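Step one of this worksheet: look at the structure below.
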Amino acid sequence: MIQRENQILSAYIDGTLPPESQEEFDQIIRSNPKLMAEVEGKRTQANQVKTLIPKTNLSKDVRENLEREIKNTLDQFIIEEKEGFWQRVFGKFSR
């Protein structure tokens, strides 16, 4: 279950969550200002990491590998969170 939740939160943060799930997740976090602040903090961290991508002409393979490594790093930020965080985020979402 936690792996699925990590995937959902990661997709939410990077903007790849399907629209219907995005709306449901938005409703959940809007109902809890503290939770919303935590999720936005994660989004800020993700955006800060993304700024580290060099603005150079990289080959397609190198860029894809770099983007994949950055995504994995961002996913690790999510995975390392306290379990209570996930319970607050996904308690209603996973039903």
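The values are calculated or read from the model by the stated rules, or taken from the named source; none is laboratory data. Nothing here was measured: the structure is a model prediction, and the numbers come from that model. All Cβ positions, glycine included, derive from the backbone under ideal geometry; neighbour counts span all protein chains shown.
Can you tell which of 34, 55, 71 is basic (Lys, Arg) and part of a loop (DSSP other than H, G, I, E, B)?
Result: 55 is the single residue among 34, 55, 71 that is basic (Lys, Arg) and part of a loop (DSSP other than H, G, I, E, B).
Among the residues of region 37-50, write down those that are loosely packed, with under 13 Cβ neighbours inside 10 Å and charged (D, E, K, R).
Result: 40, single match.
To keep it simple, each residue is scored yes or no on (1) in contact with an Asp or Glu (Cβ under 6 Å, 6 or more places away or on another chain); (2) among the small types (Gly, Ala, Ser); (3) under 14 Å from residue 10 (Cα atoms); (4) at pLDDT 75 or above.
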residue: 59; (1), (2), (3), (4): no, yes, no, yes
residue: 63; (1), (2), (3), (4): no, no, no, yes
residue: 72; (1), (2), (3), (4): no, no, yes, yes
residue: 75; (1), (2), (3), (4): no, no, yes, no
residue: 79; (1), (2), (3), (4): no, no, yes, no
residue: 84; (1), (2), (3), (4): no, yes, no, no
residue: 88; (1), (2), (3), (4): no, no, no, no
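For region 1-36: of the residues being touching a residue at least 60 places away in the same chain (Cβ under 8 Å) and of a type in the set (Asp, Glu), which is surrounded by the fewest Cβ atoms within 10 Å (Cβ to Cβ)?
24
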